[in-house]
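The values are calculated or read from the model by the stated rules, or taken from the named source; none is laboratory data. Source: prediction; values computed, not measured. Please note: Cβ atoms are built from the backbone with ideal geometry, for glycine as well, and neighbour counts cover all protein chains shown.
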């Protein structure tokens with residue numbers, strides 16, 4: 001038998017890559033046989049990980065139907081096996097995988113629905129970080145506010161889509177009441193997904209507000225973020241926008257390296 | 001608040017009802033990995049810990065992995081332990097990570113001197129970092145490695161002797177393993193040093209037919225079977241009234257069904273206490 005590290009590597013290959021040749025010789029061939037016994041483990045690995053993906057992406061699953069989702073999940077898990085034992089972290093690149101998956105090419109809005117569901121998962125599980133208040137923000141800026149880099153709370157995702165993904169999501173979520181058909185040509189959306197208390201909040205943002213928050217999320221200094229926001233909406237009241245960010249408790253202390 | 005009597009494994013669909021009703025149950029056990037983020041999950045757990053002793057049951061440390069890539073996970077567990085201050089902390093005699101790929105399953109180890117040395121080292125490091133005694137649980141087995149000379153119960157007993165860790169004796173897993181791999185569940189139990197056993201798990205299993213051969217699958221999806229209750233009574237006779245947990249993960253029933261199952265264990269624990277007092 002090989003050293004333990006090699007044995008486990010071969011065992012993992014038998015479960016994830018379907019290559020049993022290197023490990024069956026180290027397993028007792030008791031009936032029903034080494035292969036059937038390995039299959040018990042393989043089934044649990046794939047079923048439990050597929051269930052975890054389904055709980056993070058319930059609307060994607062509903063949109064493609066559960067059997068197709070099972071195949072999609074199987075392909076995804078083989079290409080991107082999980083790296084974290086925390087299952088709420090599984091699926092961070094699922095939307096990109098869906099976008100590149102040939103069998104999903106006929107559903108061009110599906111990747112953005114997956115991005116929306118991932119953002120909701122992030123909103124629910126992001127670390128708790130204290131928000132800045134006006135006084136602590138002022139204390140951070142002794143030499144003028146323009147060069148300051150703040151961060152948005154990690155629960156926040158800003159998602160722009162050329163598809164009405166919020167309407168698609170609302171019409172297909174669990175317990176959705178029967179609604180009229182979603183007009184796919186009804187135009188794009190700029191969405192913010194975040195945690196508020198214990199709830200996940202999804203809302204559409206005006207262009208200027210969205211541009212400001214995208215710039216801040218991209219670690220732009222405040223002055224550059226204001227410029228980007230005003231380019232999107234020249235009439236934007238940036239003072240009111242900053243007050244709203246403080247009131248919504250979405251600004252957090254910058255990382256030491258970005259000061 | 002020590003963990004005494006019978007507790008239940010707390011699963012997400014039961015949380016709201018449990019918070020609302022605060023039923024009488026000895027303690028709660030949660031999977032540590034579900035509480036390593038922020039938001040409502042950890043907030044609720046930190047509120048519940050004022051009313052119930054909490055046990056953190058890890059499924060992701062991969063104690064049986066020679067890879068040292070799990071230090072980050074140990075740090076996350078350590079931070080969670082600091083916040084929750086659990087009365088019990090447990091993990092498994094298993095591995096789940098290879099080459100950085102996490103398989104989300106408690107995968108089997110060959111019980112060799114090499115694996116024993118590895119486990120002793122890993123458990124000692126975990127206990128050093130946490131500053132706490134770790135309980136180590138026996139897994140459900142579905143295959144035997146050709147080279148696995150140390151009987152499972154002896155392997156666990158040696159871990160406890162060498163590291164000071166406690167044992168989490170999963171009675172259902174013993175039953176499943178012995179049915180699938182051969183051997184006597186009673187002898188398995190009798191091989192453990194009673195003082196090392198600090199927790200017992202109970203759960204249901206399902207019978208599966210694989211190419212005409214009967215395999216038991218530890219799916220935590222049904223009531224505890226009569227055979228497992230009998231084995232549990234034997235365990236209480238040997239180990240005393242050890243804190244016991246009823247787990248139910250798939251086909252999750254109403255909270256009351258789970259609480260009724262915990263009551264069955266509680267009655268047996270009370271009888272074991274009475275026997276000990278009379279002796």
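Data overview
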| quantity | calculated |
| --- | --- |
| Residue that is surrounded by the most Cβ atoms within 10 Å (Cβ to Cβ) [pool: residues in the range A:144-176 that are free of Cβ contacts under 8 Å to residues at least 12 places away in the same chain and under 21 Å from residue A:110 (Cα atoms)] | A:171 |
| Of residues in the range A:1-42 being facing another protein chain (nearest Cβ under 7 Å) and closer than 17 Å to residue A:79 by Cα, the one farthest from the chain's Cα centre (by Cα) | A:9 |
| 2 or more residues under 28 Å from residue A:61 (Cβ atoms): qualifying helices (runs of 4 or more DSSP H) within the range A:152-259 | A:165-172 |
| Out of B:93, B:88, B:103, B:116, sole residue that is in contact with a helix residue (DSSP H, G or I) (Cβ under 9 Å, 6 or more places away or on another chain), in contact (Cβ under 8 Å) with a residue 40 or more places away in the chain and surrounded by 19 or more Cβ atoms within 10 Å (Cβ to Cβ) | B:93 |
| Scan of the range B:8-25 for residues that are touching a helix residue (DSSP H, G or I) at 6+ places or on another chain (Cβ under 7 Å) and closer than 17 Å to residue B:168 by Cα, ordered by number | B:8 |
| Options A:116, A:124, A:137: the member that is within 14 Å of chain B (Cβ to nearest Cβ), touching a residue at least 40 places away in the same chain (Cβ under 8 Å) and in a helix (DSSP H, G or I) | A:124 |
| Odd one out for residue A:98, checked against (1) part of a helix (DSSP H, G or I); (2) within 14 Å of chain B (Cβ to nearest Cβ) | (2) |
| Residue tally, condition in contact (Cβ under 8 Å) with a residue 24 or more places away in the chain, more than 8 Å from every other protein chain (Cβ to nearest Cβ) and not in a helix (DSSP H, G or I), over the range B:35-57 | 8 |
| Failed item in (1) more than 26 Å from residue B:250 (Cβ to Cβ); (2) without any contact (Cβ under 8 Å) to a residue 60 or more places away in the chain, with residue B:159 passing the rest | (2) |
| Top-ranked residue of the range A:101-113 - restricted to ones that are surrounded by fewer than 21 Cβ atoms within 10 Å (Cβ to Cβ) and without any contact (Cβ under 8 Å) to a residue 40 or more places away in the chain, ranked as farthest from the other protein chains (Cβ to nearest Cβ) | A:106 |
| Condition broken by residue A:84, with the remaining ones in (1) outside any helix (DSSP H, G or I); (2) away from every other protein chain (no Cβ under 13 Å); (3) without any contact (Cβ under 8 Å) to a residue 12 or more places away in the chain satisfied | (2) |
| Boolean, residue B:189 is without any contact (Cβ under 8 Å) to a residue 40 or more places away in the chain, surrounded by 15 or more Cβ atoms within 10 Å (Cβ to Cβ), within 17 Å of the chain's Cα centre (by Cα) and under 22 Å from residue B:89 (Cα atoms) | no |
| Members of the range B:119-149 that are within 14 Å of chain A (Cβ to nearest Cβ) and either surrounded by fewer than 16 Cβ atoms within 10 Å (Cβ to Cβ) or in a strand (DSSP E or B) (or both) | B:121, B:145, B:146, B:147, B:149 |
| Of all residues making up the range B:19-34, the number that are farther than 23 Å from residue B:127 by Cα and either in contact with a strand residue (DSSP E or B) (Cβ under 8 Å, 6 or more places away or on another chain) or assigned to a strand (DSSP E or B) (or both) | 2 |
| Test set (1) surrounded by fewer than 17 Cβ atoms within 10 Å (Cβ to Cβ); (2) out of contact with any strand residue (DSSP E or B) (no Cβ under 6 Å at 6 or more places or on another chain) - residue A:182 fails condition number | (1) |
| Restricting the range B:210-247 to residues that are in a strand (DSSP E or B) and either in contact (Cβ under 8 Å) with a residue 12 or more places away in the chain or touching a helix residue (DSSP H, G or I) at 6+ places or on another chain (Cβ under 6 Å) (or both), the residue that is farthest from residue B:159 (Cα to Cα) | B:210 |
| Search result, residues across the range A:43-81 that are under 22 Å from residue B:35 (Cβ atoms) and at the interface with chain B (Cβ under 10 Å from one of its Cβ atoms) | A:48, A:49, A:51, A:52, A:55 |
| Among (1) modelled with pLDDT of 95 or more; (2) more than 15 Å from residue B:206 (Cα to Cα) - the single one residue B:223 does not satisfy | (2) |
| Selection from the range B:58-87 of residues that are under 16 Å from the mean Cα position of the chain (by Cα), within 11 Å of another protein chain (Cβ to nearest Cβ) and at negative phi | B:58, B:59, B:60, B:61, B:64 |
| Lone qualifier among B:176, B:207 - being part of a helix (DSSP H, G or I), within 14 Å of chain A (Cβ to nearest Cβ) and touching a strand residue (DSSP E or B) at 6+ places or on another chain (Cβ under 8 Å) | B:176 |
| Test for residue B:99: is it within 26 Å of residue B:114 (Cβ to Cβ), within 9 Å of another protein chain (Cβ to nearest Cβ) and modelled with pLDDT under 95 | yes |
| Enumeration of residues in the range B:150-165 that are surrounded by fewer than 19 Cβ atoms within 10 Å (Cβ to Cβ), away from every other protein chain (no Cβ under 14 Å), on the phi < 0 side of the Ramachandran plot and out of contact with any strand residue (DSSP E or B) (no Cβ under 9 Å at 6 or more places or on another chain) | B:151, B:154, B:158, B:161, B:162 |
